[in-house]
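Down below is the structure, laid out as structure tokens.
FYI, it's all coordinate maths here, none of it is from the lab. Predicted model only: the values in this text are computed from it and were never measured. Cβ coordinates were reconstructed from backbone atoms using ideal geometry, including for glycine residues, and neighbour counts include every protein chain displayed.
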Amino acid sequence: MIKDNILQVQAQMDAASRRAGRAPEDVALIAVTKTNPVQRLQEAYEAGSRDFGENKVQEMLEKMEQLPQDIRWHMIGHLQRNKVKYIVGRVYLIHSVDSLRLAQEISRESVKRKVISDILIEVNVAAEDSKFGTSEQEALELVEAVAGLPGIRIKGLMTIAPFVENPEENRVYFRNLKQLSVDIMSKNIDNVFMDVLSMGMTGDYQVAIEEGATYVRVGTGIFGARDYSVSK
Ligand SMILES: *Cc1c(COP(=O)(O)O)cnc(C)c1O
């Protein structure tokens, strides 16, 4: 069933890419595994998934230990500075950098461990009070400040769009994030790449791909509804 869901999501992703005149291989699927037990991650792994997204450090570390080494782990949730030391050097990409202080901590830890950490800047495109992320207006300033830190590479931008019934409502936010990444790219800042756009979830990933997403983060669409009562 997990395998069928993955195949179905991938088919929808391919279709969305083609509609937008994009190459399907330019968009990757992150299976958002939070709250799911390891056995279900193993199932997704066997179906071919290698990119897994988690939003809690402790849960991610526990799962890492029990699963194959070739999984690329994506930290997609709000990250506290005191947890940074546990994931630097172990995660593939940190999607949720929303402050200079957090970036400084990642930098410090990365230098200490002699690694380069790839990060995305999280942007609160719809300016929702309930969401983390820098504002669209302050994003460039944050990118410029973070770009100067050692041990960090800014790969692009991430956003969590509002929860909506009709995904078309989020199209404008995805379009704005893409435009913001183009604007930032045009500044030619050292150490800033902007080739990654992490946007789109189960309800709106197809629209996000049409607007330029390079990673979509899909949980429910692969694993079904989450049971928070069993999660830690
Ligand atoms: C949980 C989560 C997702 C996946 O959401 P679904 O609607 O289940 O696809 C994507 N991104 C982030 C940051 C999340 O926390």
(message) Please give me the summed charge of the neighbours of LYS187: other residues whose Cβ is under 12 Å from its Cβ, Lys and Arg +1, Asp and Glu -1.
(response) -4
(request) For LYS131, list the aspartates and glutamates whose Cα falls under 12 Å from its own Cα; do not include residues on the same chain fewer than 8 positions away. (result) ASP98, GLU122
(message) List the pairs from LYS3/LYS83; LYS56/LYS155; LYS3/LYS112; LYS85/LYS178; LYS85/LYS155 whose alpha-carbon separation is above 29 Å, in the order I gave them.
(response) LYS3/LYS83; LYS3/LYS112; LYS85/LYS178
